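What follows is a set of notes on a single structure, which appears directly below.
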């Protein structure tokens, strides 16, 4: 299953980051990470989003198995932690599901309305178009 992480880089008129207030449709998002995960069975997308959040926030030494592999790959890109307002996309094409990180858990958002940009910022570098997803 393909999973992707998008950093929310929205700013207010004074230039301050507003992603911590949550995701709003139209916020600019930078695609920063991609992985193909062999699920080996039925997994709820919410559980997969939570596991990806853990991999993007916790030290790889605190994790095991696939989460530790994802965490190392995420850290190797020198990305900031996944935060409130960031978005996870699970799947590809018409069947994909998008979820934004809330202060607790995730909420579903419309994947066809994501405003993907290629802005660079400290801890946010666009996923290279020729890069292969991390396989776990």
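Quick note: the coordinates plus some simple rules give every number you see, no bench work behind them. No experiment lies behind these values; they were computed from the predicted model shown. Methodologically, a virtual Cβ is constructed for each residue, glycine included, from the backbone with ideal geometry; neighbour enumeration extends over all protein chains shown.
Reported to the nearest whole Å, the Cα centre-to-centre distance from segment 72-136 to segment 1-27 is 10. Site pair residue 132 and residue 117 shows an inter-label distance of 3.2 nm when each label is modelled 7 Å from Cα along Cα→Cβ. When the chain is modelled as a GNM with alpha-carbon springs shorter than 10 Å, which of 66, 11, 75 fluctuates the most? Fluctuation is largest for 11.
Taking the longest Cα principal axis of the chain as reference, the axis of helix 45-55 is set at about 80 degrees. Helix content alone sets the calculated 222 nm mean residue ellipticity of the chain: runs of n ≥ 4 DSSP H residues at -39500 (n - 2.57) each, divided across all residues, give -5000 deg cm²/dmol.
Label positions at residue 39 and residue 64, each projected 7 Å from the Cα along the C-beta direction, are separated by 2.3 nm.
Mean sequence separation of contacting Cα pairs (under 8 Å, at least six apart), scaled by the length of segment 2-135, corresponds to a relative contact order of 34 percent.
In the chain, the longest principal axis of the Cα atoms and the axis of helix 65-76 are about 40 degrees apart.
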